[in-house]
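The values are calculated or read from the model by the stated rules, or taken from the named source; none is laboratory data. Just so it is clear, the structure is predicted and the values come from calculations on it, not from any experiment. Heads up, the Cβs are rebuilt from the backbone with ideal geometry, glycines too, and the neighbour counts pull from every protein chain shown.
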Amino acid sequence: MTRSFKRFSALIAAGLGIWLAAIPACAQSIQELASYQGADRQQRLEELAKKEGSLTLYMNIPRVYSDRFVQPFEKKYGIKVNIWRARSELTLKRVIDEARAGRHAVDVVNSISPPMEALRREHLLESIDSPSHKQLKPYAVPKHREWVSMRELVFVQAYNTQSVKKDELPRTYQDLLAPRWKGNVGIEAGDQEWVSSVIEDMGTEKGRKFFRDLADNGLRVVTGHPVLANAVVSGEVPLGLTIYNYDALHWKEQNAPIDWFAIEPAITIQDGIAIARQAPHPHAALLFYEYMLGETAQSVLAEINFMPTNVQVEPPLKDIKLKVLDPAVLLDDYEASEKQFQSLLIDRK
């Protein structure tokens, strides 16, 4: 997934005037049922959801993965899930455009967290107070509860095992400046937040100098995380700096010549799920929302090598220090981090 959110500032600053201040009665009933603690809660929710019969999901997860948890939901509850799959920035635009047009088609939104935060600021997401939140990592549930994190995208470093020996692997970022890595390191073109986080940890001046030196050492900028992962597998890019953990693990399980390591802390971005404020199928939306946060679906996410946020589910990555980035800060700092990435890694080429 790319995360080129060039429309963020324009969309937020445009003063869209979306007329959604009034919460419909069905949304209020969703809040009541979501927080309801009675023994018949699940039964009531299922009955209301089945009457609606379907829901529309905007999702960033490829169908080859999403079918593994969507199809069991459909089979169990008899509710059809209509999926529109796209990159997160396109989901952001579509939801806002539909709201401006008074067309409320989406029930459940899945996107990485900065677009979710943008949608929250536009008052397009419903605040949910659900018992299912107690099963999640504390930081996965923002105070506003208008979206929560259902998985974490962890950046790891991956290398081609036919081109790089294990004892050659860098232990620090500074090690990447050695002649051994000249022209042999790649980064994804939209990973400005990763760069900004590394700079923050190093200290601004030291961090910026490191990335200038890395660019001068032949850093290769590749568009698309799957493309970067494939380049590592093929040996075209012997070492990738910003590979999603599940891509590395997927290829390794396919016996491809790839392995991974992490220069800790491993930088992590949350991937959120939310119910649209004017969802046409609110009860089916809530049922799916809670299903995705529960142990069944979260276990499937872990099997796919996604990092679940449900603490009852064993994650695919263990004993690794994570640095979870704040989505509000990512959104607020987007333009500055984009300019920094451009000046340090692109303009120097």
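Of note, Ile346 does not satisfy the criterion of being surrounded by 20 or more Cβ atoms within 10 Å (Cβ to Cβ) and either at pLDDT 95 or above or within 18 Å of Gly186 (Cβ to Cβ) (or both).
Put simply, of Arg171, Arg87, Arg100 the only residue that is at pLDDT below 95 and under 30 Å from Arg212 (Cα atoms) is Arg87.
Can you list residue pairs whose Cβ atoms sit under 6 Å apart, with the first residue in region 128-155 being over 11 Å from Gln270 (Cα atoms) and the second being at pLDDT below 95 and in a helix (DSSP H, G or I)? Count only pairs 6 or more apart in sequence or on different chains. Partner pairs satisfying both residue conditions: Ile128/Ala34; Asp129/Ala34; Asp129/Ser35; Ser130/Ala34.
The rows are residues; the columns are (1) assigned by TED's automatic domain parsing to the domain that holds Ser88; (2) of a type outside the set (Ser, Thr, Tyr); (3) within 25 Å of Glu89 (Cβ to Cβ).
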| residue | (1), (2), (3) |
| --- | --- |
| Phe261 | no, yes, no |
| Ala279 | yes, yes, yes |
| Asn305 | yes, yes, yes |
| Thr309 | yes, no, yes |
| Ala336 | no, yes, yes |
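Answer with yes or no whether Gln298 is polar (S, T, N, Q) and not assigned by TED's automatic domain parsing to the domain that holds Arg68. Spelling it out, it is not the case that Gln298 is polar (S, T, N, Q) and not assigned by TED's automatic domain parsing to the domain that holds Arg68.
Of all residues in region 294-306, those satisfying the criterion of being within 15 Å of the chain's Cα centre (by Cα) and surrounded by fewer than 24 Cβ atoms within 10 Å (Cβ to Cβ) are Ala302, Ile304, Asn305. Scanning region 52-65 for residues that are of a type outside the set (Phe, Trp, Tyr) and within 15 Å of Asp107 (Cα to Cα), we see that the one that is nearest to the chain's Cα centre (by Cα) is Asn60. Of the listed requirements (1) touching a Lys or Arg at 6+ places or on another chain (Cβ under 8 Å); (2) outside any helix (DSSP H, G or I), Glu74 misses just one: (2).
Checking each residue in region 85-110 for being within 18 Å of Ser54 (Cβ to Cβ) and without any contact (Cβ under 8 Å) to a residue 24 or more places away in the chain picks out Glu98, Arg103.
When Gln162 is tested against the conditions (1) in contact (Cβ under 8 Å) with a residue 24 or more places away in the chain; (2) surrounded by fewer than 21 Cβ atoms within 10 Å (Cβ to Cβ); (3) in a helix (DSSP H, G or I), the lone failure is (3).
In this structure, Phe341 qualifies as surrounded by 19 or more Cβ atoms within 10 Å (Cβ to Cβ), of a type in the set (Phe, Trp, Tyr) and touching a residue at least 24 places away in the same chain (Cβ under 8 Å).
Residues in region 27-35 include at least one that is hydrophobic (A, V, I, L, M, F, W, C), under 24 Å from Arg145 (Cβ atoms), in contact with a His (Cβ under 9 Å, 6 or more places away or on another chain) and at pLDDT 50 or above. Exactly one residue among Arg151, Arg68, Arg103 is in a loop (DSSP other than H, G, I, E, B), of a type in the set (Lys, Arg) and either over 17 Å from the mean Cα position of the chain (by Cα) or surrounded by 21 or more Cβ atoms within 10 Å (Cβ to Cβ) (or both), and that residue is Arg103. Within region 258-285, restricting attention to residues that are acidic (Asp, Glu) and within 21 Å of the chain's Cα centre (by Cα), the residue that is farthest from Asn82 (Cα to Cα) is Glu264.
Would a scan of region 323-334 turn up a residue that is surrounded by fewer than 15 Cβ atoms within 10 Å (Cβ to Cβ), over 15 Å from the mean Cα position of the chain (by Cα) and touching a residue at least 40 places away in the same chain (Cβ under 8 Å)? No, that holds for no residue. Among the residues of region 165-187, those identified as part of a helix (DSSP H, G or I) and surrounded by 11 or more Cβ atoms within 10 Å (Cβ to Cβ) are Glu168, Tyr173, Gln174, Asp175, Leu176, Leu177, Arg180, Trp181.
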